[in-house]
Amino acid sequence: MRKILVIGIGTGNPEHVTVQAIAAMNRADVFFVVDKGTGAAGLNAIREQILTRFVKPGFRTVTIADPPRDRRPADYEGAVADWHAARARAYGAAIADGLGEDGCGAFLVWGDPSLYDSTLRILDAVRAEGRVTFDCAVIPGIASPQALAAAHRMVLNGIGEPLRITTGRRLAATPPAEGESVIVMLDDGGALATIDDGTFVWWGACVGTPDEAVVAGRLGEVRAEIAARRAALKAARGWVMDICLLRKPAGGEGR
Ligand SMILES: C[S@@+](CC[C@H](N)C(=O)[O-])C[C@H]1O[C@@H](n2cnc3c(N)ncnc32)[C@H](O)[C@@H]1O
(Lines give C-alpha, C1' and ligand atoms only; values in the text may rest on other atoms or scores of the structure.)
Protein backbone atom coordinates (compact mmCIF):
# COMPACT_ATOMS: atom_id res chain seq x y z
CA MET A 1 0.00 0.00 0.00
CA ARG A 2 1.28 3.48 -0.83
CA LYS A 3 1.98 5.76 2.13
CA ILE A 4 1.62 9.55 2.12
CA LEU A 5 3.26 11.62 4.86
CA VAL A 6 1.91 15.13 5.42
CA ILE A 7 4.74 16.89 7.21
CA GLY A 8 4.53 20.29 8.91
CA ILE A 9 7.78 22.23 8.34
CA GLY A 10 7.23 25.36 10.43
CA THR A 11 7.01 28.92 9.24
CA GLY A 12 10.16 29.56 7.27
CA ASN A 13 13.04 28.83 9.64
CA PRO A 14 14.61 25.46 8.71
CA GLU A 15 15.32 25.02 12.44
CA HIS A 16 11.57 24.77 13.07
CA VAL A 17 11.71 21.33 11.46
CA THR A 18 11.28 18.73 14.20
CA VAL A 19 13.30 15.56 14.74
CA GLN A 20 10.11 13.61 13.94
CA ALA A 21 9.77 15.51 10.65
CA ILE A 22 13.41 14.83 9.70
CA ALA A 23 12.93 11.11 10.33
CA ALA A 24 9.70 11.14 8.28
CA MET A 25 11.34 13.02 5.38
CA ASN A 26 14.07 10.41 5.26
CA ARG A 27 11.44 7.66 4.84
CA ALA A 28 10.03 9.33 1.71
CA ASP A 29 11.02 8.26 -1.80
CA VAL A 30 9.14 11.11 -3.47
CA PHE A 31 8.33 14.68 -2.44
CA PHE A 32 5.24 16.17 -4.03
CA VAL A 33 5.74 19.90 -4.60
CA VAL A 34 2.67 21.96 -5.40
CA ASP A 35 3.37 24.77 -7.86
CA LYS A 36 0.97 27.59 -7.02
CA GLY A 37 2.54 30.09 -9.43
CA THR A 38 5.33 32.62 -9.15
CA GLY A 39 4.10 34.15 -5.87
CA ALA A 40 4.85 30.86 -4.08
CA ALA A 41 8.41 30.55 -5.42
CA GLY A 42 9.86 31.85 -2.14
CA LEU A 43 7.97 29.23 -0.15
CA ASN A 44 9.17 26.42 -2.38
CA ALA A 45 12.75 27.76 -2.11
CA ILE A 46 12.56 27.28 1.68
CA ARG A 47 11.19 23.75 1.15
CA GLU A 48 14.23 23.06 -1.07
CA GLN A 49 16.60 24.39 1.62
CA ILE A 50 14.97 22.03 4.11
CA LEU A 51 15.32 19.03 1.80
CA THR A 52 18.96 19.85 1.02
CA ARG A 53 19.81 20.28 4.69
CA PHE A 54 17.95 17.37 6.26
CA VAL A 55 17.32 14.64 3.68
CA LYS A 56 19.85 12.14 2.43
CA PRO A 57 20.53 12.47 -1.32
CA GLY A 58 18.61 10.31 -3.77
CA PHE A 59 15.03 11.49 -3.28
CA ARG A 60 12.79 12.46 -6.18
CA THR A 61 10.47 15.42 -6.47
CA VAL A 62 7.25 15.47 -8.46
CA THR A 63 5.68 18.85 -9.21
CA ILE A 64 1.89 19.21 -9.14
CA ALA A 65 0.59 22.25 -11.01
CA ASP A 66 -2.18 23.74 -8.86
CA PRO A 67 -5.23 24.21 -11.13
CA PRO A 68 -6.11 27.90 -11.65
CA ARG A 69 -8.99 29.26 -9.60
CA ASP A 70 -11.68 31.63 -10.86
CA ARG A 71 -11.68 34.32 -8.11
CA ARG A 72 -14.77 36.17 -9.39
CA PRO A 73 -17.16 33.51 -10.64
CA ALA A 74 -20.86 34.08 -11.29
CA ASP A 75 -21.59 30.82 -9.40
CA TYR A 76 -19.19 30.99 -6.41
CA GLU A 77 -20.05 27.63 -4.82
CA GLY A 78 -20.05 25.80 -8.15
CA ALA A 79 -16.68 27.29 -9.08
CA VAL A 80 -15.14 26.31 -5.72
CA ALA A 81 -16.50 22.75 -6.06
CA ASP A 82 -15.03 22.53 -9.60
CA TRP A 83 -11.68 23.82 -8.35
CA HIS A 84 -11.59 21.32 -5.48
CA ALA A 85 -12.40 18.49 -7.89
CA ALA A 86 -9.65 19.63 -10.29
CA ARG A 87 -7.14 19.72 -7.43
CA ALA A 88 -8.14 16.22 -6.31
CA ARG A 89 -7.67 14.95 -9.89
CA ALA A 90 -4.23 16.61 -10.17
CA TYR A 91 -3.03 15.27 -6.82
CA GLY A 92 -4.49 11.81 -7.54
CA ALA A 93 -2.77 11.63 -10.94
CA ALA A 94 0.57 12.70 -9.42
CA ILE A 95 0.33 10.05 -6.69
CA ALA A 96 -0.79 7.29 -9.07
CA ASP A 97 1.90 8.09 -11.66
CA GLY A 98 4.71 9.25 -9.38
CA LEU A 99 4.63 6.72 -6.56
CA GLY A 100 5.03 2.95 -6.80
CA GLU A 101 2.51 0.59 -5.17
CA ASP A 102 4.61 0.31 -1.97
CA GLY A 103 6.23 3.73 -2.19
CA CYS A 104 6.28 6.47 0.41
CA GLY A 105 5.51 10.03 -0.67
CA ALA A 106 5.53 13.27 1.30
CA PHE A 107 3.98 16.72 1.18
CA LEU A 108 5.89 19.42 3.06
CA VAL A 109 3.23 21.72 4.50
CA TRP A 110 3.96 25.27 5.64
CA GLY A 111 3.46 25.66 9.39
CA ASP A 112 1.17 22.86 10.54
CA PRO A 113 -1.23 20.91 8.31
CA SER A 114 -4.15 21.54 10.70
CA LEU A 115 -4.40 25.29 10.15
CA TYR A 116 -5.63 26.99 6.96
CA ASP A 117 -4.10 24.38 4.72
CA SER A 118 -5.99 22.27 2.19
CA THR A 119 -3.58 19.32 1.79
CA LEU A 120 -5.47 16.93 4.11
CA ARG A 121 -8.86 17.83 2.60
CA ILE A 122 -7.54 17.31 -0.92
CA LEU A 123 -6.03 13.94 0.03
CA ASP A 124 -9.42 12.91 1.52
CA ALA A 125 -11.04 13.87 -1.80
CA VAL A 126 -8.42 11.87 -3.73
CA ARG A 127 -9.19 8.81 -1.62
CA ALA A 128 -12.94 9.35 -2.06
CA GLU A 129 -12.46 9.31 -5.85
CA GLY A 130 -11.10 5.76 -5.46
CA ARG A 131 -8.59 5.97 -8.31
CA VAL A 132 -5.59 5.47 -6.05
CA THR A 133 -5.38 4.03 -2.52
CA PHE A 134 -2.91 5.06 0.18
CA ASP A 135 -2.41 5.36 3.91
CA CYS A 136 -1.88 8.82 5.28
CA ALA A 137 0.02 10.05 8.36
CA VAL A 138 0.50 13.57 9.71
CA ILE A 139 3.65 14.93 11.34
CA PRO A 140 2.89 18.20 13.15
CA GLY A 141 4.86 21.40 12.66
CA ILE A 142 5.20 24.79 14.34
CA ALA A 143 2.21 26.89 13.22
CA SER A 144 2.33 30.65 12.66
CA PRO A 145 0.34 31.55 15.83
CA GLN A 146 3.00 29.72 17.86
CA ALA A 147 5.82 31.50 16.00
CA LEU A 148 4.06 34.85 16.62
CA ALA A 149 3.69 34.11 20.35
CA ALA A 150 7.38 33.19 20.60
CA ALA A 151 8.44 36.35 18.75
CA HIS A 152 6.50 38.48 21.26
CA ARG A 153 7.34 36.22 24.24
CA MET A 154 3.66 36.10 25.13
CA VAL A 155 0.70 33.86 25.90
CA LEU A 156 -1.98 34.04 23.21
CA ASN A 157 -5.04 33.55 25.43
CA GLY A 158 -6.12 35.55 28.46
CA ILE A 159 -6.02 33.51 31.70
CA GLY A 160 -8.60 30.71 31.34
CA GLU A 161 -10.07 32.45 28.27
CA PRO A 162 -10.73 31.12 24.75
CA LEU A 163 -8.78 32.14 21.67
CA ARG A 164 -10.45 32.78 18.32
CA ILE A 165 -8.54 32.27 15.06
CA THR A 166 -9.98 33.98 12.01
CA THR A 167 -9.08 35.44 8.62
CA GLY A 168 -8.51 39.03 7.58
CA ARG A 169 -11.55 38.76 5.29
CA ARG A 170 -13.88 37.83 8.17
CA LEU A 171 -12.52 40.27 10.74
CA ALA A 172 -14.57 43.33 9.77
CA ALA A 173 -17.84 41.38 10.22
CA THR A 174 -16.77 39.93 13.58
CA PRO A 175 -14.27 42.28 15.27
CA PRO A 176 -12.88 41.38 18.73
CA ALA A 177 -15.42 41.73 21.54
CA GLU A 178 -14.35 43.32 24.84
CA GLY A 179 -11.69 41.16 26.48
CA GLU A 180 -11.55 38.76 23.52
CA SER A 181 -8.26 37.54 21.99
CA VAL A 182 -8.34 37.02 18.22
CA ILE A 183 -5.61 35.72 15.92
CA VAL A 184 -5.88 37.10 12.38
CA MET A 185 -4.33 35.19 9.48
CA LEU A 186 -4.52 35.41 5.69
CA ASP A 187 -4.84 39.18 5.66
CA ASP A 188 -4.25 41.02 2.38
CA GLY A 189 -3.21 44.10 4.33
CA GLY A 190 -6.60 45.72 4.88
CA ALA A 191 -7.97 44.02 7.98
CA LEU A 192 -6.57 46.28 10.69
CA ALA A 193 -8.17 49.35 9.11
CA THR A 194 -11.56 48.09 10.32
CA ILE A 195 -10.58 47.74 14.01
CA ASP A 196 -10.86 50.52 16.59
CA ASP A 197 -7.80 52.44 17.79
CA GLY A 198 -7.98 51.27 21.42
CA THR A 199 -7.48 47.58 20.55
CA PHE A 200 -4.05 46.12 21.35
CA VAL A 201 -2.18 44.40 18.52
CA TRP A 202 0.81 42.07 18.55
CA TRP A 203 1.79 41.83 14.89
CA GLY A 204 4.49 39.84 13.12
CA ALA A 205 5.62 39.35 9.53
CA CYS A 206 7.92 36.57 8.30
CA VAL A 207 8.03 35.36 11.89
CA GLY A 208 10.75 32.84 12.56
CA THR A 209 12.81 33.95 9.56
CA PRO A 210 15.82 36.30 9.37
CA ASP A 211 13.46 38.99 7.99
CA GLU A 212 11.13 38.79 10.99
CA ALA A 213 9.42 42.09 11.85
CA VAL A 214 7.33 42.56 15.00
CA VAL A 215 5.33 45.51 16.29
CA ALA A 216 3.12 45.76 19.40
CA GLY A 217 0.95 48.48 20.87
CA ARG A 218 -2.44 50.16 20.66
CA LEU A 219 -3.67 50.14 17.08
CA GLY A 220 -4.13 53.90 17.03
CA GLU A 221 -0.40 54.28 17.72
CA VAL A 222 1.11 51.48 15.58
CA ARG A 223 -1.26 50.99 12.62
CA ALA A 224 0.86 53.17 10.28
CA GLU A 225 4.11 51.51 11.36
CA ILE A 226 2.66 48.05 10.67
CA ALA A 227 1.47 49.12 7.21
CA ALA A 228 4.91 50.62 6.41
CA ARG A 229 6.88 47.58 7.59
CA ARG A 230 4.56 45.22 5.73
CA ALA A 231 4.93 47.24 2.52
CA ALA A 232 8.74 47.41 2.88
CA LEU A 233 9.03 43.63 3.33
CA LYS A 234 6.75 42.99 0.37
CA ALA A 235 8.79 45.35 -1.82
CA ALA A 236 12.09 43.76 -0.76
CA ARG A 237 11.05 40.08 -0.90
CA GLY A 238 8.21 40.05 -3.42
CA TRP A 239 5.92 38.35 -0.86
CA VAL A 240 5.11 38.70 2.78
CA MET A 241 3.07 36.68 5.26
CA ASP A 242 1.82 38.34 8.38
CA ILE A 243 -0.25 37.45 11.39
CA CYS A 244 -1.42 39.28 14.49
CA LEU A 245 -3.12 38.86 17.81
CA LEU A 246 -5.78 41.44 18.64
CA ARG A 247 -7.10 41.97 22.15
CA LYS A 248 -9.73 44.54 22.91
CA PRO A 249 -9.24 45.72 26.49
CA ALA A 250 -12.04 45.05 28.97
CA GLY A 251 -12.24 47.73 31.67
CA GLY A 252 -8.88 49.24 30.70
CA GLU A 253 -6.96 45.96 30.99
CA GLY A 254 -4.18 45.60 28.35
CA ARG A 255 -2.43 42.26 28.25
C1 LIG B 1 -2.29 29.44 3.99
S2 LIG B 1 -2.03 29.93 5.66
C3 LIG B 1 -1.01 28.64 6.22
C4 LIG B 1 -0.91 28.58 7.71
C5 LIG B 1 0.03 27.49 8.18
N6 LIG B 1 -0.51 26.14 7.89
C7 LIG B 1 0.35 27.59 9.66
O8 LIG B 1 0.29 26.56 10.36
O9 LIG B 1 0.73 28.67 10.11
C10 LIG B 1 -0.93 31.29 5.44
C11 LIG B 1 -1.05 32.33 6.55
O12 LIG B 1 -0.33 31.89 7.69
C13 LIG B 1 0.30 32.98 8.31
N14 LIG B 1 1.76 32.75 8.29
C15 LIG B 1 2.39 31.65 7.86
N16 LIG B 1 3.72 31.76 8.00
C17 LIG B 1 3.95 32.97 8.55
C18 LIG B 1 5.12 33.66 8.96
N19 LIG B 1 6.34 33.13 8.84
N20 LIG B 1 4.98 34.89 9.50
C21 LIG B 1 3.76 35.45 9.65
N22 LIG B 1 2.62 34.83 9.28
C23 LIG B 1 2.70 33.62 8.75
C24 LIG B 1 -0.12 34.23 7.56
O25 LIG B 1 -1.27 34.77 8.18
C26 LIG B 1 -0.45 33.67 6.21
O27 LIG B 1 -1.35 34.51 5.51
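The values are calculated or read from the model by the stated rules, or taken from the named source; none is laboratory data. Keep in mind the model is a prediction, meaning the values are calculated, not measured. Reconstructed Cβ throughout: ideal geometry from the backbone, glycine too, with neighbour counts over all protein chains shown.
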| Test result for LEU171, farther than 26 Å from ILE9 by Cβ, touching a Cys at 6+ places or on another chain (Cβ under 8 Å), hydrophobic (A, V, I, L, M, F, W, C) and within 13 Å of the ligand (Cβ to nearest atom) | no
| task | Look at PHE134 and say whether it is touching a helix residue (DSSP H, G or I) at 6+ places or on another chain (Cβ under 8 Å), of a type in the set (Phe, Trp, Tyr) and either more than 25 Å from ARG47 (Cα to Cα) or surrounded by fewer than 12 Cβ atoms within 10 Å (Cβ to Cβ) (or both). | result | no
| Quick one: PRO162 ticks every box in (1) closer than 30 Å to ILE95 by Cβ; (2) part of a loop (DSSP other than H, G, I, E, B) bar one, so which box is it? | (1)
| query | Is it the case that some residue within the stretch 204-213 is assigned to a strand (DSSP E or B), at pLDDT 95 or above and away from the ligand (no atom under 11 Å from the Cβ)? | reply | no
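Each row is one residue, and each column tells you yes or no for (1) touching a residue at least 12 places away in the same chain (Cβ under 8 Å); (2) basic (Lys, Arg).
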{"position": "ASN44", "(1), (2)": "no, no"}
{"position": "ILE64", "(1), (2)": "yes, no"}
{"position": "ARG69", "(1), (2)": "yes, yes"}
{"position": "TYR91", "(1), (2)": "yes, no"}
{"position": "ILE95", "(1), (2)": "yes, no"}
{"position": "LEU99", "(1), (2)": "yes, no"}
{"position": "LEU108", "(1), (2)": "yes, no"}
{"position": "ASP112", "(1), (2)": "yes, no"}
| said: Against the conditions (1) more than 30 Å from ALA28 (Cα to Cα); (2) crowded, with 21+ Cβ neighbours inside 10 Å, where does GLY141 fall short? Just the number, please. | reply: (1)
| field | Any chance LEU148 is more than 13 Å from the ligand (Cβ to nearest atom), surrounded by 13 or more Cβ atoms within 10 Å (Cβ to Cβ), more than 19 Å from ARG47 (Cα to Cα) and of a type in the set (A, V, I, L, M) | value | no
| message | Would you confirm whether or not the stretch 30-42 contains a residue that is part of a strand (DSSP E or B), out of contact with any Leu (no Cβ under 9 Å at 6 or more places or on another chain) and charged (D, E, K, R)? | response | yes
| Only listed residue being in contact (Cβ under 8 Å) with a residue 24 or more places away in the chain, assigned to a helix (DSSP H, G or I) and within 18 Å of the chain's Cα centre (by Cα), chosen from ARG169, ARG230, ARG223 | ARG230
| query | Within the stretch 183-203, can you find the residues that are outside any loop (DSSP other than H, G, I, E, B), surrounded by 17 or more Cβ atoms within 10 Å (Cβ to Cβ) and away from the ligand (no atom under 13 Å from the Cβ)? | reply | PHE200, VAL201
